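First up is the structure itself, then whatever we jot down about it.
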Amino acid sequence: MSLVSYAAKLAIKPKGAVEEAIFEHIWQQTPIEGVLALLMQADVFLYTQKSDGPDPKPLVQQGRDGNPAMLVFTSRDRAASVTKQLPPGSAEPLTQPFKEVLRWAPVELGMAINSGSALGAECTPAQMNTLRKQAGIFRP
């Protein structure tokens, strides 16, 4: 790790294996798949909106590729950037194992991990569907 990367790591303070992998993805240009593999074993924090159906409806933003991406956070602290922007009285973030999120999240969504944070990353809907297949979750 270069001196600049080490200084950035001290300033950003990644917590846990997923955040360490995101840091490496950003600073060392490692593939996003390393982050996603660790995320499969982790709990995530996300905000949901009112839904017409039984499954939650995740809060989304436009991803770098122009497609909608659901907002997912690695910790409650990382979710704070969005919490401050929500109207008073909004629900607290939902905490779920990431594999469970894959079961109900719409297949057309990508994912923005820790959006608004120095430890942010994104993945495409195709990468999300690859994760579903790896987890044995088959959706139309």
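The values are calculated or read from the model by the stated rules, or taken from the named source; none is laboratory data. No experiment lies behind these values; they were computed from the predicted model shown. Note that we place each Cβ from the backbone using ideal geometry, even for glycine, and neighbour counts take in every protein chain shown.
Of all residues in segment 25-42, those satisfying the criterion of being out of contact with any helix residue (DSSP H, G or I) (no Cβ under 7 Å at 6 or more places or on another chain) and not polar (S, T, N, Q) are ILE26, PRO31, GLU33, ALA37.
The helices (runs of 4 or more DSSP H) found entirely in segment 1-73 that carry 1 or more residues being at pLDDT 80 or above, in contact with a Cys (Cβ under 9 Å, 6 or more places away or on another chain) and within 13 Å of CYS123 (Cβ to Cβ) are 32-39. With respect to the conditions (1) modelled with pLDDT under 90; (2) small (Gly, Ala, Ser); (3) buried (at least 16 other Cβ atoms within 10 Å of the Cβ); (4) in contact with a helix residue (DSSP H, G or I) (Cβ under 8 Å, 6 or more places away or on another chain), ALA118 lacks only one, and its number is (3). Restricting attention to segment 80-99 and to residues that are at pLDDT 85 or above and assigned to a helix (DSSP H, G or I), the residue that is surrounded by the most Cβ atoms within 10 Å (Cβ to Cβ) turns out to be PHE98. Scanning segment 103-125 for residues that are without any contact (Cβ under 8 Å) to a residue 40 or more places away in the chain and not in a loop (DSSP other than H, G, I, E, B) gives a single hit, ARG103. Each residue in segment 72-124 was checked for being more than 15 Å from PRO56 (Cβ to Cβ), polar (S, T, N, Q) and under 13 Å from the mean Cα position of the chain (by Cα), and 6 pass.
There is at least one residue in segment 75-91 that is of a type in the set (Val, Ile, Thr) and more than 19 Å from LEU131 (Cα to Cα).
THR74 meets each of the listed conditions (1) surrounded by 13 or more Cβ atoms within 10 Å (Cβ to Cβ); (2) in contact with a strand residue (DSSP E or B) (Cβ under 6 Å, 6 or more places away or on another chain) apart from (2).
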